[in-house]
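Note sheet for the following structure.
The values are calculated or read from the model by the stated rules, or taken from the named source; none is laboratory data. In this text the structure is predicted, and so the values were computed from the model without any measurement. Here the Cβ positions follow ideal geometry from the backbone for every residue, glycine too, while neighbour counts run over all protein chains shown. Only protein heavy atoms, including side chains, enter the accessible area calculation; ligands, DNA and RNA are left aside. Shrake-Rupley method; radii C 1.70, N 1.55, O 1.52, S 1.80 Å.
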Amino acid sequence: ELLNLDENMTSFLTALALAVVLIYIVMGALFESYLLPWSILTTLPLAGIGVVWSLYLFDTPVDTVTLIGIILLMGIVVNNGIVLVDYVNQMRIQGMDRFQAILDAGRDRFRPVMMTALTTILGCVPMALGSSVGGEVSFGGLGRALIGGLTTGTVLTLFVVPVFYTLFDDMRA
């Protein structure tokens, strides 16, 4: 039993690292920058905070299905940051000042970011409320991990990504 848990954790950490690397590569190609993707990757630890909180508050054990949910979360939570940074870059290409572009992106992309996050969160509610019956697999941990991580990741993305975008853009310049 303990050996199986160790194998699962090793596989999970490997898959998580691979997911983060692949996300970085895709964003690096999208933004044509090695530094700007890091401003979006800052959302991953923020989402992790939400996962830990939600699993703790709902007394949910961490099982294999929950770990799969955490890996899925990594791909979902960066979408909000991508939407913001891409919009900032578009505005800057049109000649807008960086500070104003960041403010406009926060204002103009707030609604789409919140709509996509809320629809995903609400779509996970039935999973989070579900419980296993008999020998069936429970998806409650997956739903709770996604809801907690996406909630904190989305709210904090709107504040943290612009700050780190500015820092990494200064480093790039």
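Only one of the numbered conditions (1) of a type in the set (A, V, I, L, M); (2) under 24 Å from Pro45 (Cβ atoms); (3) in contact (Cβ under 8 Å) with a residue 40 or more places away in the chain is not met by Val137, and that is (2). Answer with yes or no whether Ala145 is of a type outside the set (D, E, K, R) and surrounded by 14 or more Cβ atoms within 10 Å (Cβ to Cβ). Spelling it out, Ala145 is indeed of a type outside the set (D, E, K, R) and surrounded by 14 or more Cβ atoms within 10 Å (Cβ to Cβ). In this entry, Thr166 is excluded by the filter for residues that are under 14 Å from Leu46 (Cα atoms), open to solvent by 30 Å² or more (accessible area, probe 1.4 Å) and of a type in the set (S, T, N, Q).
Only one entry of Asp97, Asp169 meets the criterion of being farther than 19 Å from Ile49 by Cα, at pLDDT 95 or above and acidic (Asp, Glu), and that entry is Asp97. Would you be able to say whether some residue in the stretch 28-36 is crowded, with 19+ Cβ neighbours inside 10 Å, under 22 Å from Thr157 (Cα atoms) and not basic (Lys, Arg)? Yes, the stretch 28-36 contains a residue that is crowded, with 19+ Cβ neighbours inside 10 Å, under 22 Å from Thr157 (Cα atoms) and not basic (Lys, Arg). Scanning the stretch 115-131 for residues that are surrounded by fewer than 12 Cβ atoms within 10 Å (Cβ to Cβ) and assigned to a loop (DSSP other than H, G, I, E, B) returns a single hit, Ser131.
Screening the stretch 129-140 for residues that are within 27 Å of the chain's Cα centre (by Cα) and more than 14 Å from Ile68 (Cα to Cα) and picking the one that is modelled with the lowest pLDDT gives Ser132. Checking every residue in the stretch 54-67 against the condition of being small (Gly, Ala, Ser) and open to solvent by 30 Å² or more (accessible area, probe 1.4 Å) gives zero matches.
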